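Here is the structure we will look at.
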Amino acid sequence: DSLLGIENVPQSGFNLALLASFNPIKNVNLRFVPGLSFQERGLNYTFLTADNKVETFLKRTESVWLQFPLALKLRTNRVGNFAAYALFGGSYGIDMQSQKDVDEAVAGKIVVKLEKTDITMDAGGGVDFFLPFFKFGIEMKTCFGVHDILIQENNKFTEPISKLRTRTFVLSLCFEG
């Protein structure tokens, strides 16, 4: 009851991935883009202490995700050296740096723990530029988590949160040979 608010602190990260594409029919591609994603999350908690002072805590969770996204790419016809496209798909991820099994007695602090795996639904779009030796693409997509990734530990940092889902905005630069 002393919690005044929780604020999500947006953090940046980066991905490094390989692109495999299967083209069953013209302008339709099935894309598999396995890679590593380095992410950080921040939750800023504001509490009111017994002596009516405001106390804040920033709880950060760092993750290194091994991701396996599969997407359907629907592209327009090429006009000169340009084409636009839409993406729809999903991703399965494994957090290689998960603190799921951290013993808080050893760590000496309360750790906000997240599940080791996550599933997201992805949607976005982009443009392809056809250059003399390769294709350059710029795409923007958003990823929405399907299930709750917060591990409830019955402490002052996890109890007030009913669900915690992934929501990511990704800007990608793609180089295809």
### Summary
Taking placed amide H atoms and a strict 5 Å upper bound, the residues 5 or more places from residue 164 or on another chain that come that close are 149, 150
### Summary
Non-local residues with an amide H under 5 Å from the amide H of residue 27, with H modelled 1.01 Å from N and Pro and chain starts lacking one, are none
### Query
Under 30 Å Cα-Cα from residue 135, which lysines qualify once same-chain neighbours fewer than 8 residues away are excluded?
26, 73
### Message
Give me the Å³ per residue figure for the convex hull around the C-alpha atoms of the chain.
### Response
126
### Query
Per-residue HN-Hα couplings for segment 171-177, Karplus 6.51 cos²θ - 1.76 cosθ + 1.60 at θ = phi - 60°, whole Hz, x for Gly and Pro?
10, 10, 10, 10, 10, 10, x
### Query
Taking the chain as a Gaussian network, where each spring joins two C-alpha atoms under 10 Å apart, which residue of 51, 148, 128 fluctuates the most?
51
#### Entry: Computed E for residue 153/residue 84 - FRET, C-beta separation, R0 35 angstrom, nearest 0.05
0.15
### Query
Residue-wise, which Karplus ³J(HN,Hα) couplings in Hz belong to segment 19-25, taking 6.51 cos²θ - 1.76 cosθ + 1.60, θ = phi - 60°, and x for glycine or proline?
10, 10, 10, 10, 10, x, 9
### Summary
Karplus ³J(HN,Hα) for segment 127-140 (6.51 cos²θ - 1.76 cosθ + 1.60, θ = phi - 60°; Hz, whole; x = Gly/Pro) runs 9, 10, 10, 8, 9, x, 10, 7, 9, 10, x, 10, 9, 10
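222 nm [θ] for the chain, helices only, -39500 (n - 2.57) per DSSP H run of 4+, per residue, to 500? Before the final figure, lay out each step's value.
Values: 1 runs with 4 residues, N = 177.
It comes out at -500 deg cm²/dmol, rounded to the nearest 500.
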### Task
Compute the signed sum of charges (Lys and Arg +1, Asp and Glu -1) over the other residues within less than 14 Å, Cβ to Cβ, of residue 10.
+1
### Message
Could you report segment 1-130's accessible area per residue, 1.4 Å probe, as an integer in Å²?
### Response
60
### Message
If I take every Cα pair under 8 Å that is 6 or more residues apart in the chain, average their sequence separation and divide by the length, what percent do I get for the relative contact order?
### Response
15
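The values are calculated or read from the model by the stated rules, or taken from the named source; none is laboratory data. What you see is a predicted model; the values in this text were computed from it and never measured. No Cβ is skipped: glycine too gets one built from the backbone with ideal geometry, and neighbour counts run over all protein chains shown. Just the protein is used for accessible areas: all its heavy atoms, side chains included, with ligands, DNA and RNA removed. Shrake-Rupley method; radii C 1.70, N 1.55, O 1.52, S 1.80 Å.
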